[in-house]
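Notes follow the structure.
The values are calculated or read from the model by the stated rules, or taken from the named source; none is laboratory data. Because the structure is a prediction, the values reported are computed rather than measured. Reconstructed Cβ throughout: ideal geometry from the backbone, glycine too, with neighbour counts over all protein chains shown. In case anyone asks, the SASA skips ligands and DNA or RNA and just uses the protein heavy atoms, side chains included. Shrake-Rupley method; radii C 1.70, N 1.55, O 1.52, S 1.80 Å.
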Amino acid sequence: MKTKSSYKIIAGVLTALLITQAPVAYATSLSDLKEEKSEIEQQKKELNKSIDQKSNEIQSNQNTQQKIIAQLEELGAKITKTNASIEKVTSAINEANEEIGVLEADIKNLEDKIKQRDKLLAERARAIQTSGTVSYIDVLLGANSFVDFIDRFSAVNTLMDADRQIMREQKEDKEALEAQKVKLEQRKKELEANKAELDRLMASLKEQKSQKNKLVDQLEAEQKRLKGQKQLLEEEYSEAIEVSKELENKIAAEQRRIAEIARKEAARRAAEAAAKSKGSSASTGSADTPAVAAGTWTKPTNGRFTSAFGWRNIGAGNEFHLGIDLANSIGTPIVSAADGVVSYVGSMSGYGKVMMVTHSINDSTWTTVYAHLSAFSASVGDSVEKGEQIAKMGNTGRSTGPHLHFEIHNGEWNGKRSNAVNPLRYISL
């Protein structure tokens, strides 16, 4: 009995202990959970704060890019104006050189005439000296008859008129010679002034292009910064071009064939330009086509600049944009950015309707790409000039609205587009 009672007592004590300890353990676990939940909530708040801060930084980054683009547009207008001034001064220099050539030829002719008359007058003086001094009166009075007098009078008048004419022409030519020499010196001074102005403009253009390249470098640096902020994908491309190896090889072979044609065409144009010695190659263009810039490259269409070359955020992710976008209405004329030969016309996945033009510039091959077109105005093998319409803007392929996607490649176009360069280094907006 005692043993049983002891067991009951021990059992009661244990039961009491369990009853009193169980709530304490439960309370401790609940407190821990609440504390962990609070920590998680705090972490979420901090994370959201970081996300908001990063979003603000990215927005600031994009605003910086827009400011740089605005500066690029302003600088592009200055470059276009400087190029036009250079063309104008170069034309004035060419005209001055031509006029100086004409003046020098005229001066030589006048000098030859004056020398010939000087020789004639010297011979006349020698003849008079040899035959002695004979007055025209003596000649007239020596007439044998009235008819002889009339003949002598006529002869004397003819000789006097001839002498007077020679002297008059000699005087006029000498005056003309002096005037031509003065004009020649004036034109030479104007030529020197124009050459000095040309040197100044060329230096200014060089500085403007240097500033433009610095701005493009700055723009690309901002894009790289955006890449670091958003952990951009390294192999993602904007236009999602899917090209079979067979088609890529076919395009490459055609471009190599066209490149030789473009090289010969460039040489022919250069020879024609040198023969014509035309002044300004820039033009205002029509109401729809862009003004044709001086120099090698020109803007391919009129439109609002909507996307730069480089990394960009497109909402669903980030991607590398291998060209620039210019937005306008469907049907807006697209022109060739440089002299060249059309090397591809057709449709291609993300590009939609696309045209490629192969160029030979300083014996180097370049390729321009015009994508999302609605219609073509040229065919493969056609020789096209800078500023000549080749297509119309559209909304085909991977496109969210009517625009031109424009690429420049240093070399042949390839499926990976590994040699794409920033078009803003070559064209002005």
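If you put +1 on each Lys and Arg Cβ and -1 on each Asp and Glu Cβ, how big is the dipole of the stretch 72-111 around its Cα centre, in Debye rounded to 20?
In total the dipole reaches around 220 debye.
Net charge around L198, counting only other residues with Cβ within less than 11 Å of its Cβ (Lys, Arg = +1; Asp, Glu = -1)? Can you show the working numbers first?
On the way: positive: K88, K195, R200; negative: E87, E192, E197, D199.
Here the count lands on -1.
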Given H placed on each backbone N at 1.01 Å, which residues far from G411 in sequence or on other chains put an amide H within less than 5 Å of it?
-> W366, T367
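Holding the Cα-Cα limit at 27 Å, pick out from K81/K189; K206/K392; K88/K189; K88/K206; K81/K264 the pairs that are longer than that. Can you show the working numbers first?
Numbers: K81/K189 25 Å; K206/K392 33 Å; K88/K189 17 Å; K88/K206 17 Å; K81/K264 31 Å.
Too far apart for the 27 Å limit: K206/K392; K81/K264.
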Quick one: Karplus J couplings for the stretch 168-176, per residue in order, coefficients 6.51, -1.76, 1.60, θ = phi - 60°, nearest Hz, x for Gly and Pro?
-> 5, 5, 4, 5, 4, 5, 5, 5, 5
Provide the per residue accessible area, probe 1.4 Å, for the stretch 288-422, rounded to a whole number of square angstrom.
-> 33 Å²
Note down the relative contact order for the stretch 321-429 as a percent, whole number, built from C-alpha pairs under 8 angstrom at least six residues apart.
-> 34 percent
